Amino acid sequence: MEQKILELLNEIYPLDFIKVESVTDEMFRCTAKDGDYFARITNYKNYDEQLEEVNYTNFLYNEGLGVSPTISSLNGEVVEKITLNNNEVLTVLYKSASGVHLPRNQWNANILKELGRQIGRLHRFSKKFEEIHPIKYINDWHDNEEYAFLKYIPKDEYTIRDTAQKVLSTIKKLPKNHSNYGLLYGDLWLENVLVDNDLNLAMVDFQDCEKHFYIYDLVVPIYSALEYSFVGGGNIVEYERGITKAIIEGYQEENELSPEMLDKLPLFIKLKEIFEYSLMHMYWNKEKLTEEQLRIMNHFRMRIELDHSLLNI
């Protein structure tokens with residue numbers, strides 16, 4: 001497969017690739033004589049959605065935001081169609097962004113404050129992009145399959161289903177306007193951020209971008225830092241308060257965040273928590289759960305059923 005992809009990429013792009021290796025089922029690291037690139041090969045979204053997403057990220061790059069630029073094919077296309085195993089799939093080629101994935105124990109308040117600034121700039125540029133290019137194909141968050149909570153959470157889990165329904169209903173009823181709702185990243189957790197030696201940040205993999213309340217882009221990194229980055233050496237409540245304060249302060253240096261939306265932060269944290277729990281039911285084989293998967297699922301069940309809040313702000 002990797003050899004076939006190497007041959008196809010060399011046919012359609014103005015680069016001389018010498019090696020292709022799989023990173024995930026959909027992402028491939030491509031080594032060329034002039035550096036590294038990444039090819040995303042997937043039908044996760046259709047052509048129009050992917051083209052709109054790529055136009056968005058290229059706009060962000062041209063505005064000076066830390067994102068990976070795309071490389072056009074010899075045909076001048078930023079989204080190309082190739083055939084693999086008799087199936088047509090869509091391909092986007094990205095120049096590798098600078099920086100590395102930080103070790104999780106280094107996701108401290110200083111880094112998250114800079115991430116907050118980056119998100120603030122992202123949302124400012126998103127508003128500008130939508131004014132020039134009204135969104136036609138990228139979904140509103142609640143239209144994505146991953147938010148069909150009641151389709152995937154078992155019917156006998158009454159308490160969790162009731163909580164999920166209330167959270168969805170409450171957020172859908174929130175007033176939307178130009179300042180609080182629009183195109184955003186959608187999945188901005190630690191693995192999608194690169195950091196260089198000067199603490200410059202780059203966001204990679206906008207595949208899950210969607211229209212949502214802007215505050216959700218702050219919720220995801222706060223949530224993921226609490227889930228994955230605290231390694232002891234202090235009080236986790238103090239860590240949570242510190243990183244939440246840092247990311248909000250960084251954001252507010254670059255963009256407005258109304259007190260009304262800030263008050264809704266715990267509500268959106270709960271949405272993210274239910275989202276993760278629903279994904280377990282959506283993607284895991286319930287007949288073949290590992291001990292670790294069962295442990296995680298039970299942990300989420302208890303947390304949601306007991307209405308335990310991750311935030312203490």
Item to complete: Mind sorting Asp208, Asp217 by how few other Cβ atoms lie within 10 Å of their own Cβ, fewest first?
Response: Asp208, Asp217
Discussion item. For a quick check of your reading of the filter: which trypsin sites (Lys or Arg not before Pro) in the stretch 253-313 sit in a DSSP loop and have no more than 15 other Cβ atoms within 10 Å?
Written reply: Lys286, Lys288
Worksheet entry | the chain: most fluctuating residue of Ile274, Ile215, Ile153 per GNM, C-alpha cutoff 10 Å | Ile153
Worksheet item: Quick one: helix 109-132 against the long Cα principal axis of the chain, what's the angle to the nearest 10°, folded into 0 to 90?
Response: 70
Worksheet item: Once a ≥ b ≥ c are taken as the square roots of the eigenvalues of the Cα gyration tensor of the stretch 104-305, is the result rounded (a/c under 1.5), prolate (a/b larger than b/c) or oblate (a/b not larger than b/c)?
Response: oblate
Discussion item. Could you work out how much longer the chain between Met282 and Glu2 gets when fully extended? Use 0.36 nm per residue separation minus the Cα distance between them, nm to one decimal.
Written reply: 97.9 nm
Item to complete: Set the Förster radius R0 to 41 Å, insert the Cβ-Cβ distance between Lys172 and Asn105 as r into 1/(1 + (r/R0)^6), and round the FRET efficiency to 0.05.
Response: 0.65
Fill in: Mean separation of Cα contacts under 8 Å (6+ apart) over length of the chain, as relative contact order %
19
Fill in: Low-density loop positions, trypsin sites (Lys or Arg not before Pro), the stretch 144-233 - DSSP coil, at most 16 other Cβ in 10 Å
Lys155, Lys173, Lys176
Fill in: With Cα atoms, 0 to 90° folded angle of helix 2-12 axis to the chain main axis
60
Item to complete: Among Ser224, Ser169, Ser258, Ser68, rank each residue by its count of other Cβ atoms within 10 Å, from fewest to most, as a rough exposure measure.
Response: Ser169, Ser258, Ser224, Ser68
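We did not get these values from a lab; they are worked out from the coordinates using the rules stated. Not measured: the values here are computed from a predicted model. Cβ: placed from backbone, ideal geometry, glycine included. Neighbour counts: every protein chain shown.
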